[in-house]
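Report on the structure given below.
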Amino acid sequence: MSRVQPPGPHKIRVVTLQIDGRDIGAREDETILEVARENDIPIPTLCYLEGLSTWGACRLCVVEIEGTTRPQSACSTCVAEGMKVITNSERLERYRRTILELLFAERNHVCSVCVSNGHCELQQLATACKMDHVRFKYRNAPYQVDPSHDLFRVDHNRCVLCTRCLRVCDEIEGAHTWDVMGRGVECLLITDLKQPWGESQSCTSCGKCVQVCPTGALTKKGTAAGEMEKHGSFLVYLTEMRGNR
Amino acid sequence: MSSTAKVSLATAWLDGCSGCHMSLLDLDERLIELAQRADLVYSPIVDTKELPACVDVGILEGAVSTAADLKKARLFRERCKYLVSLGDCAVTGNVPSMRNTFPLKDVLDRAFIENVQAQPQHPITGVPALLQVVRPLHHVVPVDLFVPGCPPSADTIWYVLTELLAGRTPDPARVTHFGA
Ligand code: SF4
Ligand code: SF4
Ligand code: SF4
């Protein structure tokens with residue numbers, strides 16, 4: 001008589017796929033982005049950060065998958081047997097450039113006087129994706145700057161709504177000081193219940209959000225133009241030490 | 001551009017700090033080589049008062065902030081076969097465009113009424129009228145090449161000019177970026 005077995009650990013299979021014509025083997029639970037990076041195939045990203053949960057909002061990592069008409073985000077799509085992925089095409093380049101143009105047109109980015117000038121992921125993406133001018137009308141809408149925290153400052157004019165700050169504070173620091181409020185152009189990262197950051201009861205002043213913010217939105221106080229260099233490498237180390245939990 | 005005749009170059013600054021032109025002067029001894037291959041027919045750094053009717057390459061620094069900037073941008077577009085937007089102010093609006101988040105009247109009040117003691121008044125004679133919104137060059141006329149940087153370095157300008165003189169289209173992203 002056969003006994004009913006309790007469900008065992010799911011076996012993870014290895015699949016074979018093609019990225020840009022290269023045959024690649026990968027675990028079936030990996031995303032296209034992870035596999036591409038392991039194989040030194042560059043795909044631009046902005047909201048994605050290794051060590052944090054996947055958000056999939058910026059859409060810069062879109063890739064073409066054979067058999068589908070719409071591009072898919074590489075950070076949130078798992079690989080599959082026989083999949084054929086193209087990471088660069090005329091259409092993808094156009095989409096990526098347009099996304100960056102919209103980001104620059106939406107809030108106020110004046111790189112030459114920005115604290116993050118020369119160390120900014122958004123700026124680097126513009127160069128990498130050959131976005132050298134914005135075709136859209138700039139919105140020129142002022143956003144607030146909150147300098148109330150003793151050590152840090154948030155300048156919403158430079159925020160790209162990637163939510164890295166929110167995720168690192170919630171998932172790694174465990175404080176969950178940040179949240180998102182409002183929609184569309186009104187969308188705003190807030191601290192606690194939209195209190196000034198300096199009055200936040202939950203913030204431990206650890207500075208993790210500042211280090212993972214890709215732009216000049218979150219910075220240390222006392223930095224002048226071009227002086228804000230960030231060091232996000234602690235994140236991979238921390239998650240590894242915690243056994244990827 | 002014929003191979004025998006020299007290429008004609010024209011430059012002007014709109015609402016900029018003249019830093020891009022300082023970078024051009026920073027070409028130093030390369031200016032001599034440039035002069036052998038091109039004629040600078042109109043520029044703040046030469047004496048000609050009139051933009052010639054037909055120029056091979058026009059280079060504009062600065063954002064479009066006044067009625068006079070707009071007029072000059074249109075004149076350059078009309079008379080230059082190839083128009084280069086040089087520097088962040090021309091390409092993005094940059095620092096001059098930071099006034100765009102305020103109504104123009106508030107900006108003028110701040111500069112000429114609130115912070116002055118003698119004869120507070122908006123300037124109306126002898127200076128061109130400010131436009132409501134500062135715009136990058138390509139938002140008012142079509143542009144052929146964008147060279148970001150604040151300012152673009154002399155090496156960047158040299159790369160762009162030598163590529164153009166050689167009849168090639170430069171790829172400024174290789175040597176410069178916003179804020180560079
Ligand atoms: S955040 Fe980045 S892209 Fe925006 S102004 Fe600063 S350096 Fe430029
Ligand atoms: S400093 Fe630390 S605790 Fe405070 S908001 Fe940033 S990540 Fe959260
Ligand atoms: S403040 Fe920085 S990390 Fe947070 S959402 Fe804005 S750009 Fe991203």
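The values are calculated or read from the model by the stated rules, or taken from the named source; none is laboratory data. This is a predicted model, so every value here is computed, not measured. Here the Cβ positions follow ideal geometry from the backbone for every residue, glycine too, while neighbour counts run over all protein chains shown. Surface accessibility is based on the protein's heavy atoms, side chains included, excluding ligands, DNA and RNA. Shrake-Rupley method; radii C 1.70, N 1.55, O 1.52, S 1.80 Å.
For the range A:170-195, give me the residue count where each residue is open to solvent by 60 Å² or more (accessible area, probe 1.4 Å) and within 13 Å of residue A:153 (Cα to Cα).
0
Kindly indicate whether any position in the range A:8-25 is of a type in the set (Gly, Ala, Ser), open to solvent by less than 30 Å² (accessible area, probe 1.4 Å) and touching a strand residue (DSSP E or B) at 6+ places or on another chain (Cβ under 6 Å). Full working, then the answer.
Pass one, the range A:8-25, residues of a type in the set (Gly, Ala, Ser): A:8, A:21, A:25.
Then drop every residue that is not open to solvent by less than 30 Å² (accessible area, probe 1.4 Å), which leaves none.
Scanning the range A:8-25 turns up no residue that is of a type in the set (Gly, Ala, Ser), open to solvent by less than 30 Å² (accessible area, probe 1.4 Å) and touching a strand residue (DSSP E or B) at 6+ places or on another chain (Cβ under 6 Å).
All but one of (1) surrounded by 16 or more Cβ atoms within 10 Å (Cβ to Cβ); (2) assigned to a loop (DSSP other than H, G, I, E, B); (3) in contact (Cβ under 8 Å) with a residue 40 or more places away in the chain hold for residue A:29, so report the exception by its number.
Here residue A:29 meets the rest and fails (1).
Being under 16 Å from the mean Cα position of the chain (by Cα), open to solvent by 60 Å² or more (accessible area, probe 1.4 Å) and in contact (Cβ under 8 Å) with a residue 12 or more places away in the chain, is that true of even one residue in the range A:216-231? Talk me through it step by step, then tell me what you get.
In the first step, residues of the range A:216-231 are kept if they are under 16 Å from the mean Cα position of the chain (by Cα); the result is A:216-218, A:230-231.
So of that shortlist, the ones also open to solvent by 60 Å² or more (accessible area, probe 1.4 Å) come out as A:231.
Narrowing the set further to residues that are in contact (Cβ under 8 Å) with a residue 12 or more places away in the chain leaves A:231.
Checked against the condition, which is being under 16 Å from the mean Cα position of the chain (by Cα), open to solvent by 60 Å² or more (accessible area, probe 1.4 Å) and in contact (Cβ under 8 Å) with a residue 12 or more places away in the chain, the range A:216-231 yields at least one hit.
Which one of B:128, B:44, B:120 is more than 13 Å from chain A (Cβ to nearest Cβ) and closer than 28 Å to residue B:160 by Cβ? Steps first, please.
Numbers: B:128 fails: closer than 28 Å to residue B:160 by Cβ; B:120 fails: closer than 28 Å to residue B:160 by Cβ.
So the residue among B:128, B:44, B:120 that is more than 13 Å from chain A (Cβ to nearest Cβ) and closer than 28 Å to residue B:160 by Cβ is B:44.
Taking residue B:161 as the residue in question, decide whether it is touching a residue at least 12 places away in the same chain (Cβ under 8 Å), farther than 24 Å from residue B:21 by Cα and of a type in the set (A, V, I, L, M).
So residue B:161 fails the test.
Quick one: would you say residue A:53 is assigned to a loop (DSSP other than H, G, I, E, B) and modelled with pLDDT of 95 or more? Talk me through it step by step, then tell me what you get.
On the way: assigned to a loop (DSSP other than H, G, I, E, B): yes; modelled with pLDDT of 95 or more: yes.
Considered against the rule, which asks whether it is assigned to a loop (DSSP other than H, G, I, E, B) and modelled with pLDDT of 95 or more, residue A:53 comes out as yes.
Give me the pairs, please: first residue somewhere in the range B:169-180 and more than 9 Å from chain A (Cβ to nearest Cβ) and at pLDDT 95 or above, second residue anywhere and part of a loop (DSSP other than H, G, I, E, B) and surrounded by fewer than 24 Cβ atoms within 10 Å (Cβ to Cβ), beta-carbon distance under 9 Å, and either six or more positions apart or on two chains.
Short answer, once both residue conditions are applied: B:169/B:144; B:175/B:153.
Being of a type outside the set (Phe, Trp, Tyr) and either open to solvent by 30 Å² or more (accessible area, probe 1.4 Å) or facing chain A (nearest Cβ under 9 Å) (or both) narrows it down to one residue among B:111, B:154; which is it?
On the way: B:154 fails: either open to solvent by 30 Å² or more (accessible area, probe 1.4 Å) or facing chain A (nearest Cβ under 9 Å) (or both).
Result of the check over B:111, B:154: B:111.
Restricting the search to the range A:85-108, which residues are open to solvent by 40 Å² or more (accessible area, probe 1.4 Å), in contact (Cβ under 8 Å) with a residue 40 or more places away in the chain and of a type in the set (D, E, K, R)?
If the condition is that a residue be open to solvent by 40 Å² or more (accessible area, probe 1.4 Å), in contact (Cβ under 8 Å) with a residue 40 or more places away in the chain and of a type in the set (D, E, K, R), then A:106 is the only one that fits.
State the number of residues belonging to the range A:109-164 that are buried (at least 16 other Cβ atoms within 10 Å of the Cβ), more than 13 Å from ligand 1 (Cβ to nearest atom) and at positive phi.
Of the residues in the range A:109-164, 2 are buried (at least 16 other Cβ atoms within 10 Å of the Cβ), more than 13 Å from ligand 1 (Cβ to nearest atom) and at positive phi.
Each row is one residue, and each column tells you yes or no for (1) open to solvent by less than 70 Å² (accessible area, probe 1.4 Å); (2) among the charged types (D, E, K, R); (3) not in a strand (DSSP E or B).
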site	(1), (2), (3)
B:35	yes, no, yes
B:47	no, yes, yes
B:50	no, yes, yes
B:53	no, no, yes
B:59	yes, no, no
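Could you list, in sequence order, all residues of the range A:196-215 that are within 14 Å of the chain's Cα centre (by Cα) and surrounded by 22 or more Cβ atoms within 10 Å (Cβ to Cβ)? Before the answer, list the steps.
First, the residues of the range A:196-215 that are within 14 Å of the chain's Cα centre (by Cα): A:209-215.
If the condition is that a residue be within 14 Å of the chain's Cα centre (by Cα) and surrounded by 22 or more Cβ atoms within 10 Å (Cβ to Cβ), then A:209, A:210, A:212, A:213, A:214, A:215 are the ones that fit.
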